[in-house]
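A quick write-up on the structure given underneath.
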Amino acid sequence: GAGVSQSPRYKVAKRGQDVALRCDPISGHVSLFWYQQALGQGPEFLTYFQNEAQLDKSGLPSDRFFAERPEGSVSTLKIQRTQQEDSAVYLCASSSTSGKGYTFGSGTRLTVV
Amino acid sequence: SQQGEEDPQALSIQEGENATMNCSYKTSINNLQWYRQNSGRGLVHLILIRSNEREKHSGRLRVTLDTSKKSSSLLITASRAADTASYFCATDARGNTPLVFGKGTRLSVIA
């Protein structure tokens with residue numbers, strides 16, 4: 001596609017519910033990144049894929065967070081047993097190669113109530 | 001954790017004035033990038049400067065990099081109301097590592 005597409009745009013989850021956030025990167029982009037952005041803050045790194053390989057997941061805040069990219073294209077970020085502190089905007093970005101600028105999606109705003 | 005620190009946190013100027021934002025970082029970098037984020041939207045890549053470059057221009061944007069001081073500045077000349085946004089610097093450490101973002105500068109351009 002022309003850009004990075006994320007869905008849903010907004011998600012309201014009850015505390016304890018599982019959620020799945022989808023990212024469809026630019027076709028052919030090898031690298032895919034997930035970031036979490038709290039209100040008024042900069043994006044915080046969560047995890048990174050190169051093709052289908054998850055090369056770095058050091059930013060995932062707990063074992064309730066899980067990401068996958070099974071075919072090296074679409075990626076899903078799953079959060080189990082959501083907590084209020086998980087409320088944030090989740091941003092996905094893709095890049096053709098390392099050392100290049102990222103193209104970001106519009107994000108998914110998650111609100112846990 | 002966030003490596004970059006933008007300064008100031010917020011900046012308000014009149015249309016037509018120049019806006020300067022600064023970024024400091026902590027570790028050695030491969031390159032430094034600037035992004036813009038409009039309210040409620042994703043980030044848009046503005047400009048990338050490599051560690052062996054000192055200055056780069058793109059339209060009304062001018063970026064400088066001083067690796068000895070671990071700092072960068074973004075200058076927007078002849079600002080417009082449409083430049084109102086948050087601006088973030090992000091660094092790419094040596095090797096194949098993800099970008100690390102600062103906390104951003106909120107720029108308001110008043111018409």
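The values are calculated or read from the model by the stated rules, or taken from the named source; none is laboratory data. In this text the structure is predicted, and so the values were computed from the model without any measurement. So basically every Cβ, Gly included, is an ideal-geometry build from the backbone, and we count neighbours across all protein chains shown.
Annotations for the structure displayed:
- Count of the range B:80-107 residues which are buried (at least 21 other Cβ atoms within 10 Å of the Cβ), farther than 15 Å from B:A10 by Cα and polar (S, T, N, Q): 1
- Given (1) more than 11 Å from the chain's Cα centre (by Cα); (2) over 25 Å from A:T103 (Cβ atoms), number of the condition B:G59 does not satisfy: (2)
- All positions within the range A:74-105 that are at pLDDT below 95 and part of a loop (DSSP other than H, G, I, E, B): A:S96, A:T97, A:S98, A:G99, A:K100, A:G101, A:Y102
- The number of residues in the range B:70-111 that are at pLDDT below 95 and more than 30 Å from A:Q50 (Cβ to Cβ) comes to 1.
- Screening the range A:37-60 for residues that are assigned to a strand (DSSP E or B) and away from chain B (no Cβ under 11 Å) and picking the one that is surrounded by the fewest Cβ atoms within 10 Å (Cβ to Cβ) gives A:A53.
- Restricted to strands (runs of 3 or more DSSP E) entirely inside the range B:34-105, no element has at least 1 residues that are touching a Phe, Trp or Tyr at 6+ places or on another chain (Cβ under 9 Å) and of a type in the set (K, R).
- Filtering the range B:46-55 to residues that are of a type outside the set (G, A, S), surrounded by fewer than 17 Cβ atoms within 10 Å (Cβ to Cβ) and out of contact with any Leu (no Cβ under 7 Å at 6 or more places or on another chain) leaves B:R50, B:N52, B:E55.
- A:S87 vs. criteria in contact with a Cys (Cβ under 7 Å, 6 or more places away or on another chain), away from every other protein chain (no Cβ under 13 Å), surrounded by 13 or more Cβ atoms within 10 Å (Cβ to Cβ) and not hydrophobic (A, V, I, L, M, F, W, C): no
- Applying the condition of being away from chain B (no Cβ under 11 Å) and either of a type in the set (D, E) or loosely packed, with under 15 Cβ neighbours inside 10 Å (or both) to the range A:97-113 and asking which residue is nearest to B:R50 (Cα to Cα) yields A:T111.
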